[in-house]
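One structure below.
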Amino acid sequence: MKKLGALLILLTFISAACGNNDNKYQEKIEKVQEIQAETHKVMKKKEDSLVDEFDKRKANYYVFKDGKIVVVGYKLFKESDQLFLAAYEFEDGKVYYKRDINPQKYIKEHKANYKEENIK
């Protein structure tokens, strides 16, 4: 009976430890998803060659500086497989689009704290 109790405690500990890792940056990623979805709607009104909508399940996410920088990448144009990359910075509770960051270069030169690649 002691072995069963110890096994249950161990399994509980393992599942708790594994579950917390996935969501550490989830709130920031969701904020970037909201912003990018709204931005895409505005861009789509001006450019018909864009995909119809931003699909958060078909995007890549890279988190740097322990959540201070989040880069999102997704297919922007209907006729191209090239990814559009956008960088956002979290500072003082606000989110800023970072035009001065080259997201592709930033991804190559910095080590991501978290990476989720849903498309290649």
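The values are calculated or read from the model by the stated rules, or taken from the named source; none is laboratory data. Predicted model, so just to flag it, every value in this text is computed and none were measured. All Cβ positions, even for glycine, are placed from backbone atoms using ideal geometry, and neighbour counts span all protein chains on display. Quick note on the areas: whole protein, heavy atoms, side chains included, nothing else; ligands and nucleic acids left out. Shrake-Rupley method; radii C 1.70, N 1.55, O 1.52, S 1.80 Å.
Take Lys24 and tell me if it is in contact with a strand residue (DSSP E or B) (Cβ under 8 Å, 6 or more places away or on another chain), more than 16 Å from Ile119 (Cβ to Cβ), open to solvent by 40 Å² or more (accessible area, probe 1.4 Å) and in a loop (DSSP other than H, G, I, E, B).
Values: in contact with a strand residue (DSSP E or B) (Cβ under 8 Å, 6 or more places away or on another chain): yes; more than 16 Å from Ile119 (Cβ to Cβ): yes; open to solvent by 40 Å² or more (accessible area, probe 1.4 Å): yes; in a loop (DSSP other than H, G, I, E, B): yes.
Yes.
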- Message: If Arg57 satisfies all but one of (1) open to solvent by less than 60 Å² (accessible area, probe 1.4 Å); (2) within 15 Å of Asn118 (Cα to Cα), what's the number of the condition it fails?
- Response: (1)
- Within the set of pairs 6+ apart or on separate chains, which have a first residue in region 86-112 that is more than 12 Å from Ile69 (Cβ to Cβ), a second that is loosely packed, with under 13 Cβ neighbours inside 10 Å, and C-beta atoms under 8 Å apart? none
- Query: Name the pairs whose Cβ atoms lie under 7 Å apart, with the first residue in region 31-48 and under 15 Å from Phe84 (Cβ atoms) and of a type outside the set (A, V, I, L, M), the second open to solvent by less than 90 Å² (accessible area, probe 1.4 Å) and not in a helix (DSSP H, G or I), and 6 or more positions between them or separate chains?
  - Reply: Gln36/Phe54; Gln36/Val72; Gln36/Ala86; His40/Phe54; Lys44/Leu50
- Query: Based on what the data block shows, is Glu30 of a type in the set (Asp, Glu), more than 18 Å from Tyr97 (Cα to Cα) and modelled with pLDDT of 95 or more?
  - Reply: no
